[in-house]
Amino acid sequence: MKKIIWKTTIFLIPFIILFAITELFFSKTESPDLLRLGYFPSIEKEYRSVFKEEFKRKTFFYEFLDNKNKKAKIFTIGDSFTEQDNFGYKNYLAEKYNVLNFNRFIFDNQIQTLYQLLNSSFLEDRKIEYVILENVERYFVYNVIRLDSLQISKGFHFNDLSEKRKTTKEKNEESFFSKKIIYFPLSMFRYYFGHDYLSNELIYNYNLKSDKLFSNNSKRLLFLSEDLWGLKFNNDLNEVKKMNNVLNDLSDKLSSKGIKLIVLPAPDKYDLYYDYIIDKTNFPKPLFFEYLGSLKKNYLYIDTKKILSAQLGRKKDIYFYDDSHWSPNASKIVSEEIVKIIRD
């Protein structure tokens, strides 16, 4: 019996060590998303402390599901960049104007949903003057390509929306013998000794020319592989033109209701920091903002790449080092630009 216990113990020791490493250094929270998805170690626990006051900010905007009949000057609809709460652009904006946000998880495509809302009196009933349509760069053209005209014609169904609140979170493998406890320590080792590679088939880890871009002084750029996937749509001028035509059509329909459309593309992290990547051998140059900027627009347009790029050499952490989203620094810059457009 003692021999069996001894052999079992010897067999389990490596797994116990790997499990302990995973438990200590694997990030299980939704944010920072790049560490979690890329199986990178969460070791810089104090990195976000520079934003601790921003994270504690009071919430000024209104969520639609909690304020269904709330009247507001500005209506925001978008993806995870719009869903940043007290440190997001909409909350800084809400310090000056009434802002009503359309909860992201009750729709799948914000462009299609906006069309559907136009088939009702939703915006007029709430006295909306400005609609801010935000879409992350990698999915902007794609969301136009997959518009469903049949669903648009049916309008938006508001019944039982409260039941669509998020009730589940991503499940993390907690099993002692899960694949994660093997892959994560190996990925952690590679993080320290490797460079210029794709981790967990999801996140790129590439060297930068400068260590002045993030407050942890890292020369690494972590970004989503989906940023490259989106280039097949966004680097196609014809597709960008089609997208622009759709946005012009949306703007015209909103204008007929006395509402102005503000289009807010959120740059991919890969695009914003592209010029700082050392080895771009297999990385095409993103052309989305270059193409879109040259087209005729009937809507109010915020060139977020231009205004955020101008700050890269002046202010650190425009995007979080460990996340695919912009930081409070960028949120403030974007909100200030929106205020300028509204005042003008």
Check: How would 50, 240 line up by accessible area, probe 1.4 Å, largest first?
Finding: 50, 240
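Which FRET efficiency, nearest 0.05, do residue 197 and residue 85 yield, Cβ-Cβ r, R0 41 Å?
FRET efficiency, residue 197 to residue 85: 0.75.
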Notebook entry, point to check: With all protein chains present, how much of the accessible area of the range 223-276 (probe radius 1.4 Å) comes from carbon and sulfur, to the nearest whole percent?
Noted result: 46 percent
Next item on the list: Would you work out if the range 280-344 is rounded, prolate or oblate? Take a ≥ b ≥ c from the square roots of the eigenvalues of the alpha-carbon gyration tensor; rounded if a/c is under 1.5, else prolate when a/b is larger than b/c, oblate otherwise.
Entry: oblate
Item checked: Computed E for residue 238/residue 303 - FRET, C-beta separation, R0 22 angstrom, nearest 0.05 -> 0.60
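Rounded to the nearest 0.05, what FRET efficiency is calculated for residue 66 and residue 340 with R0 set to 30 Å and r the Cβ-Cβ distance? Write down the numbers at each step before the final one.
Numbers: r = 29 Å, r/R0 = 0.98.
E between residue 66 and residue 340, to the nearest 0.05, is 0.55.
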Next item on the list: Among DSSP beta bridges whose residues both lie in the chain, state the antiparallel percentage, nearest 5.
Entry: 35 percent
Checklist line | Selected from 217, 329, 282 as most flexible by GNM, with the chain as the system and alpha-carbon contacts under 10 Å | finding: 282
Checklist line | Whether the range 36-127 is rounded, prolate or oblate, judged on the alpha carbon gyration tensor where a/c under 1.5 counts as rounded | finding: oblate
Check: Just how large is the dipole of the range 229-314 about the Cα centre, in debye to the nearest 20, putting +1 at every Lys and Arg Cβ and -1 at every Asp and Glu Cβ?
Finding: 280 debye
Notebook entry, point to check: What lysines sit close enough to residue 56 to cross-link, taking a C-alpha to C-alpha distance under 18 Å and skipping anything fewer than 8 places away on the same chain?
Noted result: 45, 90, 332
Checklist line | Per residue accessible area of the chain, 1.4 Å probe, in Å² | finding: 50 Å²
Check: Hey, which lysines would be in cross-link range of residue 285, C-alpha to C-alpha under 18 Å, not counting anything within fewer than 8 residues on its own chain?
Finding: 209, 232, 269, 305, 306
Note to self: If I build a Gaussian network model for the chain, linking alpha-carbon pairs within less than 10 angstrom, which residue out of 43, 318, 259 has the largest mean-square fluctuation?
What the structure shows: 43
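Around residue 244, with a cut-off of 9 angstrom between Cβ atoms, what is the net charge of the other residues, counting Lys and Arg +1 and Asp and Glu -1?
Summing Lys/Arg as +1 and Asp/Glu as -1 gives +4.
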Next item on the list: Tell me what the chain gives for mean residue ellipticity at 222 nm when only DSSP H runs of n ≥ 4 count, each as -39,500 (n - 2.57), the sum divided by the residue total, rounded to 500 deg cm²/dmol.
Entry: -11500 deg cm²/dmol
Next item on the list: Filter the cross-link list 179/316; 68/340; 73/154 down to pairs whose alpha-carbon distance in this structure exceeds 31 Å.
Entry: 179/316
Notebook entry, point to check: Of 281, 29, 76, which has the largest mean-square fluctuation in a 10 Å C-alpha GNM of the chain?
Noted result: 281
Notebook entry, point to check: What ranking of 340, 241 comes out by heavy-atom accessible area, probe 1.4 Å, highest first?
Noted result: 340, 241
Margin query: Once you place label points 7 Å from the Cα toward the Cβ at residue 124 and residue 50, how far apart are they in nm?
Written below: 4.9 nm
Notebook entry, point to check: Got the relative contact order for the chain handy, in percent, Cα pairs under 8 Å and 6 or more residues apart?
Noted result: 21 percent
Margin query: Modelling each spin label as a point 7 Å along the Cα-to-Cβ direction, I'd like the residue 43/residue 252 distance in nm, to one decimal.
Written below: 5.7 nm
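Quick check: net charge around residue 227, other residues with Cβ under 10 Å of its Cβ, Lys/Arg +1 and Asp/Glu -1?
Within the 10 Å Cβ shell, the charges total -2.
The values are calculated or read from the model by the stated rules, or taken from the named source; none is laboratory data. These numbers were taken from a predicted model, which means no experiment stands behind them. We place every Cβ from the backbone using ideal geometry, glycine too, and count neighbours over all the protein chains shown. Surface accessibility is based on the protein's heavy atoms, side chains included, excluding ligands, DNA and RNA. Shrake-Rupley method; radii C 1.70, N 1.55, O 1.52, S 1.80 Å.
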